[in-house]
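Step one of this worksheet: look at the structure below.
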Amino acid sequence: MSGEAPLWAHSPAPGTEVWHSLEDHLRGTATLARRFAASFGGGDLAYWLGLLHDCGKASDAWQERLSKVAAQGGRVGIDHKAFGTRVAWDRGLGRFAVGVFGHHGGLLDQGDFKKKLMAALRDNPRNVASAEAALSRLLPDLPADLSTALPERWQQDPLVGEMALRLCYSALVDADGLDTHAHHHQLAAPRVRPDADFAHLFALFESRRTESLAQRPPSPIDGLREQVYAESLAAAERPTGMFRLHAPTGVGKTLAAAGFALRHAQRHALRRVIVAVPFLTITEQNAAVYRQMLDENGAEPVVLEHHSQVDFDAPAAGPWARQAAENWDAPFVVTTFVRLFESLYARKPSAMRRVHRLAGSVIVLDEIQALPHDMLVPILDGLRLLVEHFGTTVLLSSATQPDFWALRTFADLDRFELVSEVSVLNEKMRRVSYEWRLDEGLTLADTADDASVGLAASGVGGASAMVVVNTTADARTVYQRWQEEGFGDVAWHLSTRMCPAHRRRVLEVVIRRLGTGERVLLAATQLVEAGVDLDLPLVYRAMAPADSLLQAAGRANREGRLERGRVVIFAPSDGGQPEAYKKLVGVAKTCFGRDVADPDNESALSDYYRRVYNALNLKDPEHVGQRIQQAREQWAFQTVADGPLIDVNSGRRDHRRAFRLIRDEGISVVTPQGALTDAESATLVDLIEKIRAAPVPDLHDLRQLQPYTTTVHSGVLRNPEVAAYMRPIIGDEVQVGALVEWFGEYDEATGITFDPSFEEFVL
């Protein structure tokens, strides 16, 4: 190929004759990557990674092949990553060069990276030679030594370096994607949203919050809510770092945390606010609140809601939402723990494009007690690194704050409390009295009877009660007891046997009846314990981990309109509990009880968490969290994301030892029977058949099934009697991760009906 021939990065955009210059693409990507990484000190490294990522395309073979496939739109199929990787390595970037090598396929373990790089260079010597010959013409200003781009700390501490590479790699692949998208859509420049005006957003939030509170009926605890909000705003003036919002349920933590985050972002010129929560129901609820506070008619939306049940194809989502979701290019992001942390510890470009947005942002983690214990060490270490080295502020919000500082990962990390005197606030907010019935041999039926007939005689205002148990089978047992005793017209059931749309309808009825003073008897599992705004005078809670006890108590006398609500902790002799609860309940019984302490006792709660961490052996080098940390120290990116190798020859990996917030993906079961009407159910059945028949299912169609989809444990595969009632919607098998249609019974009150012996299979 002539030395003067133009070098191209991409074929012409559809309908045009405009080719994408290789030099323009390299410099455009590099400039954008530098912009993304500048805030955390990675601007120079990201720039050089961007400048070198596609320079292997300068080879004669790659350019010739591009010309041949341009008309058909096919892939070139010739390696172009190895040469740029070698240049990055040789000129001082060392193992950070893995970012170039993985800019399409993903980050690799260091050992695999070196082997594959050497093999690619060895197998394509002519391509390497011709690309090298073109390098000085393509990038005449490329320095011989790039090592000054690496901050010293990134080279000294392997965990700091590993996190820095994740962030710079994210900046690279996002910039690459945006620059390429701009060419293919013939945009004047890549679409990057201007920095948010947090002064305006905070002022808007303040104004709308005031209006919203003025429309609510007054509550006895409004003064305490204002106190928490004021203290949160005062704390926002402090420097970036680690913060905790430790306050009882019902004091307005959702708005206090948002007010802190917006004011803090304004005060310190941070880039965005990211709110992450453990459950989809809370995500949807919080996102709706934040949209009311921050979005304005006629302007591009401020709040991006990003989780598995958001339909970006729906007209209401708007064209901005899909791209914003790919890289979180929005001022205020509401997402889930799963999306946040599995992106952080992913290795593929599609998942990691958004990771650089975490640096220089405010991350609010709500209901922090719900983080899975086996992943705590890598999660906390990631947060620590973002705070200490990458300009991030993290706010941990919960009424049941875990004692993360009991773990070595957080032991030396400074923190600031938004609420200055938690114990005083707890005492002022004490709205319930605890009763302990752990040794009385009560059955579920006994408890159901006590809730239904004992309540009226108790003198507590309002004839309503809730019984929260540990399994869906137990919730059904309590509900059926009420049915048998003639309370069917005032009794409801909530559990994951019911699809989300069914649960939502029940919650709406229950909340409305409670608001008008009508009687309610509610049997529920722990799904009501976070983000569900219920206010009852009496709550029964089957013995559970401490955070569940306290969260359930937060649904008793929530608005403080009674002198005291009642919370009865009981141990049903015929009740069940998830396997994961057993150790935690054992520890809870040693820390709390009639003659010990209530769950809202700060010192007892701290002691509880310390004992839990010891009981779960979180410090054991063989614990999965510690093994992930060991892999991170070795820059073993694929081992972190996919698990260690089981078989070198087949490449199989042990996914049980990978970073996962949800260990059992389960089986997604669609229940058209959960629809409100027969017509709606028939529409869902038609939609299911449409998806089955489609060669490639439409994502919009799939998302329409989500409100009617619940999850069944993978153990169902061991029971043909249950599996027989499932028919695949996609594929030919009922297996882990499958989407299936349920043909068994679905009770209009309790949802999917299993034989009791199959109960453990409902998640």
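For this structure, a couple of remarks:
- Long-range amide H partners of VAL275 with built H, under 5 Å: VAL333, VAL334, THR335, VAL364
- In segment 351-453, GluC sites (Glu not before Pro) in a DSSP loop with at most 13 other beta-carbon atoms within 10 Å: GLU421, GLU440
- Within segment 636-666, backbone nitrogen closer than 17 Å to the virtual label 7 Å beyond the Cα of GLN626 toward Cβ: 657-658
- FRET efficiency for SER573 and SER423, using Cβ-Cβ distance with R0 set to 51 Å, rounded to 0.05: 0.90
- Under the criterion of Cα pairs below 8 Å and six or more residues apart, the relative contact order for segment 77-225 equals 18 percent.
- Hull shadow area, averaged, segment 198-424 [alpha-carbon convex hull, nm²]: 12.7 nm²
- Once the chain from GLU633 to ARG267 is taken as fully extended at 0.36 nm per residue, the excess over their C-alpha distance is 128.3 nm.
- In the distance distribution for segment 181-270, Cα-Cα pairs more than 14 Å apart total 70 percent.
- One chain, two ends: GLU4 and GLU508. Fully extended at 0.36 nm per residue, the span grows by 174.4 nm beyond their Cα-Cα distance.
- Each listed q (0.16 Å⁻¹) maps to a log10 I(q)/I(0) for segment 431-599, found by the Debye formula over equal Cα scatterers with no solvent: -0.88.
- 12 Å cut-off, amide nitrogen to a point 7 angstrom out along LEU159 Cα→Cβ, residues in segment 608-650: 626-634
- For segment 409-458, convex hull volume per residue from C-alpha positions, Å³: 186 Å³
- Backbone N under 17 Å from the LYS114 label point (7 Å along Cα→Cβ), restricted to segment 635-671: 635-639
- Note on THR516 and THR590: their simple-model spin labels are 5.1 nm apart, each label 7 Å out from Cα toward Cβ.
- R0 of 41 Å, Cβ-Cβ distance ILE78-ILE646: FRET efficiency to nearest 0.05: 0.80
- Using θ = phi - 60° in the Karplus curve 6.51 cos²θ - 1.76 cosθ + 1.60, the 3J(HN,Hα) couplings for segment 414-425 round to 5, 9, 10, 8, 5, 9, 6, 10, 4, 4, 5, 5 Hz; x is entered for Gly and Pro.
- Simple spin-label estimate for VAL69 and VAL453 gives 7.7 nm between the two label positions (7 Å along the Cα-to-Cβ direction from each Cα).
- Förster-model FRET efficiency, 60 Å R0, LEU676 and ASP412, C-beta, rounded to 0.05: 0.65
- Here's the list of lysines a cross-link from LYS68 could span, going by alpha-carbon distance under 22 Å and ignoring same-chain residues fewer than 8 apart: LYS57, LYS81.
- Cα convex hull of segment 588-692, projected area averaged across orientations, nm²: 13.4 nm²
- Full-stretch length increase - SER207, SER136 - with 0.36 nm per residue and alpha-carbon distance subtracted: 19.8 nm
- Label-point gap, in nm, between GLU440 and GLU745 - each point 7 angstrom along Cα→Cβ: 3.2 nm
- Across segment 645-763, the convex hull enclosing all Cα atoms gives 142 Å³ per residue.
- A quarter of the convex hull surface defined by the alpha-carbon atoms of segment 58-162 gives 7.5 nm² as the mean projection.
- Only Cα sites of segment 8-184 enter the Debye sum here, all with the same form factor; the resulting log10 I(q)/I(0) across q = 0.11, 0.13, 0.19 1/Å is -0.44, -0.61, -1.29, listed in q order.
- Cross-linked pairs LYS253/LYS589; LYS253/LYS583; LYS583/LYS619; LYS253/LYS619: Cα-Cα separations exceed 22 Å for LYS253/LYS589; LYS253/LYS583; LYS253/LYS619.
- As a ratio to 2.2 N^0.38 Å, the alpha-carbon radius of gyration computed for the chain takes the value 1.02.
Quick note: the coordinates plus some simple rules give every number you see, no bench work behind them. Not measured: the values here are computed from a predicted model. Cβ sites come from the backbone with ideal geometry, for glycine too, and all protein chains shown count toward neighbours.
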